[in-house]
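Colleague: Structure in structure tokens, see below.
Quick note: the coordinates plus some simple rules give every number you see, no bench work behind them. Bear in mind the structure is a predicted one, so any value in this text is a computation, not a measurement. Methodologically, a virtual Cβ is constructed for each residue, glycine included, from the backbone with ideal geometry; neighbour enumeration extends over all protein chains shown.
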Amino acid sequence: MSEDFYSLTFTNNKNQEVKLSEYEGKVVLIVNTASKCGFTPQYKGLEELYQKYQAQGLVVLGFPCDQFGGQEPGSDQDIEQFCELNFGVTFPLSKKVEVNGDNAHPVFKKVTTDARGLLGSARIKWNFTKFLIGKDGQVIKRFASTTKPMAISGAIEKALNA
């Protein structure tokens, strides 16, 4: 059996450990992000979701990753500055992580095991794959990179009202 979602932690881009238990009872959207990707403009939509639903209990967590075409080459500080300046990002970002393979971050090992992608693969295919986690810490749904953030607002609303 895999670990409980709320028992996991991550290190934010300010080098502080964050316990996912801090988000218990909230709806969490986990996204592997990159600054030099065709989907990078989704940062704007993710921030819009965060602003729209934060007061109702949504947390968006961005996990920068450089495993797809070297599209996240910067330091944690470079990434934070880029996100703030270009997209006004205020939601939490982790330190750069791996999302696939032996060194995949435990958060991604958990969500990819619980919500497999197309053809049953746990592997993440590209940047901006999104995982919606319910208030109970269970993965509700995995969304492809091509799914625009606002397209999942209905699923977020349903999870917030559950």
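Colleague: Please report the Cα spread of the chain along all three principal axes, rounded to whole Å, starting with the longest.
Modeller: The Cα atoms of the chain stretch 37, 35, 32 Å along their principal axes.
Colleague: Additional query: Under the rule of at least 5 residues apart or a separate chain, name every residue whose amide H is placed under 5 Å from the amide H of Glu98.
Modeller: Under 5 Å from the amide H of Glu98: His105.
Colleague: Another question about this same structure. Can you list, bin by bin at 10 Å, the percent of alpha carbon pairs in region 1-78, starting at 0?
Modeller: Going from the shortest bin to the longest, the percentages are 16, 42, 35, 6.
Colleague: Take Ser7 and Lys52, extend 7 Å from each Cα along the Cα→Cβ direction, and tell me the distance between the two endpoints in nm.
Modeller: Going by the 7 Å Cα→Cβ label model, 3.6 nm.
Colleague: For a paramagnetic label modelled at 7 Å from the Cα of Lys14 toward its Cβ, which residues of region 54-89 fall within the zone defined by backbone nitrogen distances under 18 Å?
Modeller: Answer for region 54-89: 59-64, 76-85, 88-89.
Colleague: In terms of the Cα gyration tensor, with a ≥ b ≥ c the square roots of its eigenvalues, is region 67-135 rounded because a/c is under 1.5, prolate because a/b exceeds b/c, or oblate?
Modeller: Numbers: a/c = 2.13, a/b = 1.62, b/c = 1.32.
Verdict is prolate for region 67-135.
Colleague: Another question, if that's okay. How do 41-54, 68-81 rank on mean C-beta neighbours within 10 Å, highest first?
Modeller: Ranking the peptides 41-54, 68-81 by packing returns 41-54, 68-81.
Colleague: Taking θ as phi - 60°, what are the ³J(HN,Hα) couplings along region 29-42 by the Karplus curve (6.51, -1.76, 1.60), each to the nearest whole Hz, with x for Gly and Pro?
Modeller: 10, 9, 9, 8, 10, 7, 8, 10, 10, x, 8, 3, x, 5
Colleague: Here's a follow-up. Counting only DSSP beta bridges with both residues in the chain, what percent are antiparallel, rounded to the nearest 5? Walk me through the numbers on the way to the answer.
Modeller: On the way: 12 of 22 bridges.
About 55 percent, rounded to the nearest 5.
Colleague: Rounded, prolate or oblate: which one fits region 35-110, using the alpha carbon gyration tensor with axes a ≥ b ≥ c (rounded when a/c is under 1.5, else prolate when a/b beats b/c, else oblate)? If you can, show how the numbers build up before the last one.
Modeller: Numbers: a/c = 2.05, a/b = 1.30, b/c = 1.58.
Oblate shape, in that a/c is at least 1.5 and b/c is the bigger or equal ratio.
Colleague: May I pose another question? In terms of modelled amide H atoms, which long-range or inter-chain residues lie less than 5 Å from the amide H of Ile140?
Modeller: Leu132, Ile133, Gly134
Colleague: Right, here's the next one. Can you give me the long-range amide H partners of Val59? Hydrogens built in the peptide plane at 1.01 Å from N, cutoff under 5 Å, separation of 5 or more residues or another chain.
Modeller: Val27, Val28, Leu29
Colleague: Under 8 Å for C-alpha pairs, at least 6 residues apart: give me the relative contact order for the chain, rounded to a whole percent.
Modeller: Details: 289 pairs, mean separation 47.4, N = 162.
Normalised by residue count, the contact order of the chain is 29 percent.
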